[in-house]
1. Could you go through the range 157-171 and let me know if any residue there is surrounded by fewer than 17 Cβ atoms within 10 Å (Cβ to Cβ), closer than 14 Å to VAL75 by Cβ and of a type in the set (Gly, Ala, Ser).
2. For the range 77-113, give me each residue that is among the hydroxyl-bearing types (Ser, Thr, Tyr), modelled with pLDDT of 95 or more and closer than 13 Å to PHE142 by Cβ.
3. Go over the candidates VAL64, VAL96 one by one and state the one that is among the β-branched types (Val, Ile, Thr) and within 30 Å of ASP196 (Cα to Cα).
4. Looking only at the range 239-262, how many residues end up being part of a helix (DSSP H, G or I), under 25 Å from the mean Cα position of the chain (by Cα) and either in the same structural domain as ASP159 (by TED's automatic domain parsing) or surrounded by fewer than 19 Cβ atoms within 10 Å (Cβ to Cβ) (or both)?
5. Kindly indicate the residue of the range 70-79 that is of a type outside the set (A, V, I, L, M) and in contact (Cβ under 8 Å) with a residue 24 or more places away in the chain and also surrounded by the most Cβ atoms within 10 Å (Cβ to Cβ) among those meeting that condition.
6. Listed residues VAL181, VAL226; which is touching a strand residue (DSSP E or B) at 6+ places or on another chain (Cβ under 6 Å), at pLDDT 90 or above and surrounded by 19 or more Cβ atoms within 10 Å (Cβ to Cβ)?
7. Residues of the range 208-238 being among the aliphatic types (A, V, I, L, M), assigned to a loop (DSSP other than H, G, I, E, B) and under 19 Å from the mean Cα position of the chain (by Cα), which ones?
8. Looking only at the range 41-69, filter to residues that are of a type in the set (A, V, I, L, M) and more than 30 Å from MET117 (Cα to Cα); which one of those is surrounded by the fewest Cβ atoms within 10 Å (Cβ to Cβ)?
Amino acid sequence: MADSENIIAISDMTKRFGRKVILSGISLDINRGDSIAFVGRNGYGKSTLLKIIAGLLPFEKGTVTHHGKLKFSYVPERFPALNISVKEYFMRIGAVSGLDIKTAEKRSSELAEALFMKDMLDIPIPHLSKGTIQKVAVVQAFLTIPDVLLLDEPVSGQDMSSQKVFMEMVNRLNREHRVTVLCASHEEYMIKAIADTVYEIEGGKLHRVPQSEKLEISSLCRLLFVKKTHDDTLTIPQSVYDGSIKSEVLENHEVAVYCTPLASNEVIREMLQNDFELRGLNNERIF
């Protein structure tokens, strides 16, 4: 099997909604094992392009050719809140995917545990938080190994610990099983962690974006800080935002900052100078 095995060919494809042209004359060759991110503003056609590639939306001009019978898995941005339990939903998706009950139960249980939601399997989906519903969307897409994995804002609402696990899972599928990954996202750190190639959609056209070295998500440091003075405002220094991958404001005036090991000393220095106290390193509390 050649490294450059083409599995999807898009040629001069144009998509309109009414009179508005969303995508114009798009041409792109997608190979097995590619990991591609599509970026751009809301409404510029990222999600539309993913759906067209999967055959879920029609288009007005051009061609989208699948070479061979391809299996797609899809993590949508908005997941339908079906009025059944999480476990029941996984079992139904497993059955549709050709898994026997025992295999579906084992696989969904392993994925749920990895994403910190194993104790939620018996809860009806509408009763879950937005972040947990997004995890349900991830698990159903990962029950079997696809040829193409479509990700539409896949980490929306998830905590950073779950996001790290998710990105490692995506990279493992891409690396070990040559799953082609096509992602639409606003999260720059996630794009750096999973994408080898980035295209920006602007004016209906695709523009290749220079990509720096891939971010090794598993090596990120998690630094936990607490604000010394408990006032109503909790402002993270701009230099910390600029020098870190992601920052999360937690309860009790705590802040979790995720950064590379190289940037950790500078992040700690900036936070200490701005009335924060270091409370934990990589999920280990200092006190």
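1. Yes, some residue in the range 157-171 is surrounded by fewer than 17 Cβ atoms within 10 Å (Cβ to Cβ), closer than 14 Å to VAL75 by Cβ and of a type in the set (Gly, Ala, Ser).
2. SER108, SER109
3. VAL64
4. Result for the range 239-262: 5.
5. Per the stated criteria, the residue is SER73.
6. VAL181
7. LEU215, LEU220
8. Among them, the one singled out is LEU57.
The values are calculated or read from the model by the stated rules, or taken from the named source; none is laboratory data. As the structure is a computational prediction, the values presented were derived from the model and not from experiment. Here Cβ is always computed from backbone atoms with ideal geometry, including for glycine, and neighbour counts include all displayed protein chains.
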